[in-house]
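The structure under discussion appears below in the form of C-alpha cells.
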Ligand SMILES: NC(=O)c1ccc[n+]([C@@H]2O[C@H](COP(=O)([O-])OP(=O)(O)OC[C@H]3O[C@@H](n4cnc5c(N)ncnc54)[C@H](OP(=O)(O)O)[C@@H]3O)[C@@H](O)[C@H]2O)c1
C-alpha cells in the first residue's frame, strides 16, 4: 500500500530543510503576520500549526486577533500599518472570517508583495496573466506534490471538484501551464461519477466526506484529496480512502497529504515575499 501513498509530510520536510538554510542566509529575519477575526476553532488550530512551522524554519510569527464585532476600519488601519512596517514581509487574513465582513475587500488592502496567500486581486490577476506573483498555497502545494511524484500532466485528463477562489480556480491555471486537459465540477454538476470516471488525475476540494468511492473512478487514477472533514473524532478527506485504494495508482492520505504541503508553501511564499519587499531576485 505504501508505494501508492503521496507522502506530503516527507515532501514537506525536504522543502522545509532547504527553506531553513535559505532563511539563515538572509540579511534579516522574515516576519509573518496572521490576522484572525473572531474565534473559529479550526482557525485557531491552523494558526498554531503555522506558528510552529514558521518558527521551525526561522520565520518570526505574529498573531493579530480581533473580536468578531470589530469595526472594519480598525482592521483596514492595521493592515495598512503592517504594509508600511518594513520588518513585516508577509501578511495573511485567516479564513474564514465572520460573514458580516467582505473577505475580498479586506484582502485587497494587503500589499501584493506581502500577500503570502496570493489572494489579492493583483496577485490573482497576475496568476491568470501568467505573470510572476504570489500564488495561493494549497494549489501550489498540489503542483509540488505531483512534480515530486513525477506525475505527468501533459494531455492528461484532470478533473477538479470544487471551484473556490482559494483552491479550484488557481489550480485551473497552474494545471494549464502543465498542458493538462481540465474539467471542473461543482455543486450544480449532475452525475458527478460520469465526470470523475474520465479522470487520469482527480483533485477533490469540497469538504464532504466519502464524496468519492471506487465506483466513480477508473483504474490507475492519481487522486489528490484536499478535503478536510471531522468524522467521529477523526480527520478525513473527501475520498473514501479504503474503498478506492485498490484501484488507484497514487493517492494523498488525509491527514498527511496536501495539508502539510499547504503550510510548507506558505513558508515558501514568506521567503518570496521577503525577497519582493527587499527588492532581491526571486
Ligand atoms: N488540505 C489543505 O491544506 C486545505 C486547504 C484549503 C482547503 N481545504 C479543504 O478543502 C475543502 C474545500 O475548501 P474550499 O475553501 O475550496 O471550500 P469552498 O469554498 O466551500 O468550496 C467548495 C466547493 O465544492 C463544491 N461542492 C460542494 N458540494 C459539492 C458536491 N456535492 N459535489 C461537487 N462539488 C461540490 C462547491 O460548489 P459551488 O461552487 O457550486 O458552491 C465549491 O466549489 C474543505 O474541506 C477545506 O477544509 C484543505
ask   = So which residues in the stretch 82-108 are farther than 25 Å from residue 271 by Cα and in contact with a helix residue (DSSP H, G or I) (Cβ under 7 Å, 6 or more places away or on another chain)?
value = 97, 101
message = Every residue in the stretch 53-81 that is in contact with a helix residue (DSSP H, G or I) (Cβ under 9 Å, 6 or more places away or on another chain) and farther than 21 Å from residue 98 by Cα, please.
response = 53, 54, 56, 57, 58, 59, 60, 61
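Restricting the search to the stretch 200-227, which residues are over 16 Å from the mean Cα position of the chain (by Cα) and assigned to a strand (DSSP E or B)?
Filtering the stretch 200-227 down to residues over 16 Å from the mean Cα position of the chain (by Cα) leaves 200-202, 208-223.
201, 202, 212, 222, 223, listed by residue number.
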ask   = Which number in (1) within 12 Å of the ligand (Cβ to nearest atom); (2) under 15 Å from the mean Cα position of the chain (by Cα) marks the one condition that residue 192 misses?
value = (2)
query = Name the residues in the stretch 175-199 that are more than 14 Å from residue 162 (Cα to Cα), touching a residue at least 24 places away in the same chain (Cβ under 8 Å) and not in a helix (DSSP H, G or I), would you?
reply = 177, 178, 179, 180, 181, 198, 199
request  = Could you run through the stretch 127-174 and say how many residues are away from the ligand (no atom under 16 Å from the Cβ), closer than 27 Å to residue 218 by Cα and assigned to a loop (DSSP other than H, G, I, E, B)?
outcome  = 8
ask   = Among (1) crowded, with 23+ Cβ neighbours inside 10 Å; (2) assigned to a helix (DSSP H, G or I); (3) assigned by TED's automatic domain parsing to the domain that holds residue 201, where does residue 265 come up short?
value = (3)
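Does residue 256 qualify as being within 14 Å of the ligand (Cβ to nearest atom), touching a helix residue (DSSP H, G or I) at 6+ places or on another chain (Cβ under 6 Å) and not in a helix (DSSP H, G or I)?
Criteria met by residue 256.
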Odd one out for residue 230, checked against (1) within 16 Å of the ligand (Cβ to nearest atom); (2) modelled with pLDDT of 95 or more; (3) not in a helix (DSSP H, G or I) = (2)
note = Note: among 222, 270, 204, 239, just one is farther than 25 Å from residue 182 by Cβ, touching a strand residue (DSSP E or B) at 6+ places or on another chain (Cβ under 6 Å) and crowded, with 23+ Cβ neighbours inside 10 Å, namely 270
query = Within the set of pairs 6+ apart or on separate chains, which have a first residue in the stretch 136-148 that is over 16 Å from residue 16 (Cβ atoms), a second that is away from the ligand (no atom under 12 Å from the Cβ), and C-beta atoms under 7 Å apart?
reply = 136/118; 139/174; 143/174; 146/153
query = Any residue at all in the stretch 204-220 that is within 10 Å of the ligand (Cβ to nearest atom) and on the phi > 0 side of the Ramachandran plot?
reply = yes
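The values are calculated or read from the model by the stated rules, or taken from the named source; none is laboratory data. Here the structure is a predicted model, which is why all the values come from computation and not from measurement. Because the Cβ atoms are built from the backbone with ideal geometry, glycine has one as well, and the counts that use them run over all protein chains shown.
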